[in-house]
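The values are calculated or read from the model by the stated rules, or taken from the named source; none is laboratory data. Please read all numbers here as calculations on a predicted model, not as lab measurements. Every residue, glycine as well, gets a Cβ built from its backbone with ideal geometry; the counts of neighbours run over all protein chains shown.
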Amino acid sequence: MENENNVQVKKKKSKKKWIVLAVIAVVLIAILSSGGSEEPTVETLPGETTTAENSQSDTKEITVGSSVTNDEVKISYKTCNADFKKYSSYADVKSGYKVIEAVFDFENISSTDIILEGFDCYADGVKCEEFYSVDDYSSPTLESVSAGRKLTDAKVYFEVPKDAELIELEYEADYWSGEKYIFIVE
């Protein structure tokens with residue numbers, strides 16, 4: 001009888017061990033999936049900060065003159081020209097298309113170097129091609145910015161249909177979480 005009780009006690013301890021391990025695993029998964037970073041904020045007026053609005057679960061929409069900040073970088077959307085014409089006279093812009101220009105500042109607010117991601121452009125939901133035939137092309141794509149430093153006046157250009165109603169520049173802020181910022185071209 002005593003051996004049978006010892007076996008039952010050992011089985012109960014074994015079950016408790018697995019339950020504790022399962023609870024720890026669930027807690028760790030929840031912590032890792034949350035990313036541990038704070039919600040990005042969008043600044044619209046000097047001194048006024050609000051949480052970025054979501055059009056999708058992890059997508060923030062930003063307009064010209066605003067900035068968005070996460071735990072690594074502050075991105076300021078400085079200007080946008082929805083009908084840019086100062087491109088090379090040798091440029092071949094497709095018939096029915098125009099060129100847009102957007103200018104950004106990036107400030108590394110983290111304690112380590114960061115590498116900036118690239119932009120995608122969508123006109124009415126259709127992906128557009130980047131435009132390179134400009135003298136002052138200064139894309140931020142894959143630029144490295146040291147901790148506490150800035151990349152200013154980074155410019156991106158895209159070729160979009162002239163009749164597009166909604167033009168958006170999409171920047172992937174965090175590959176792992178899928179967090180994206182959408183800069184509206186006006």
Self-check item: One residue from TYR122, TYR132 being surrounded by 12 or more Cβ atoms within 10 Å (Cβ to Cβ) and in a loop (DSSP other than H, G, I, E, B)
Solution: TYR132
Quiz item: Mind checking which residues of the range 102-144 are under 18 Å from ALA173 (Cβ atoms) and of a type in the set (A, V, I, L, M, F, W, C)?
Solution: ALA102, PHE104, PHE106, ILE109, ILE114, ILE115, LEU116, PHE119, CYS121, LEU142
Quiz item: When the range 139-149 is examined, which residues are found to be more than 15 Å from the chain's Cα centre (by Cα), loosely packed, with under 15 Cβ neighbours inside 10 Å and either among the hydrophobic types (A, V, I, L, M, F, W, C) or not in a loop (DSSP other than H, G, I, E, B) (or both)?
Solution: SER144, ALA147
Quiz item: If ILE75 satisfies every condition in (1) in contact (Cβ under 8 Å) with a residue 60 or more places away in the chain; (2) under 21 Å from the mean Cα position of the chain (by Cα); (3) surrounded by fewer than 20 Cβ atoms within 10 Å (Cβ to Cβ) but one, which is the exception?
Solution: (3)
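Would you mind stating whether LYS127 is in a loop (DSSP other than H, G, I, E, B) and either without any contact (Cβ under 8 Å) to a residue 12 or more places away in the chain or surrounded by fewer than 16 Cβ atoms within 10 Å (Cβ to Cβ) (or both)?
Details: in a loop (DSSP other than H, G, I, E, B): no; either without any contact (Cβ under 8 Å) to a residue 12 or more places away in the chain or surrounded by fewer than 16 Cβ atoms within 10 Å (Cβ to Cβ) (or both): yes.
Spelling it out, it is not the case that LYS127 is in a loop (DSSP other than H, G, I, E, B) and either without any contact (Cβ under 8 Å) to a residue 12 or more places away in the chain or surrounded by fewer than 16 Cβ atoms within 10 Å (Cβ to Cβ) (or both).
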Practice problem: Could you check, for the range 52-66, whether at least one of its residues is modelled with pLDDT of 55 or more and small (Gly, Ala, Ser)? | Solution: yes
Practice problem: Scan the range 104-123 and give yes if some residue there is touching a Phe, Trp or Tyr at 6+ places or on another chain (Cβ under 9 Å) and polar (S, T, N, Q), otherwise no. | Solution: no
Exercise. Return yes or no: is LYS155 in contact (Cβ under 8 Å) with a residue 12 or more places away in the chain, surrounded by fewer than 19 Cβ atoms within 10 Å (Cβ to Cβ) and either in contact with a Lys or Arg (Cβ under 7 Å, 6 or more places away or on another chain) or outside any loop (DSSP other than H, G, I, E, B) (or both)?
Key: yes
Quiz prompt | Output for the range 158-186, where each listed residue is outside any strand (DSSP E or B), modelled with pLDDT under 95 and within 19 Å of CYS80 (Cβ to Cβ) | solution = GLU186
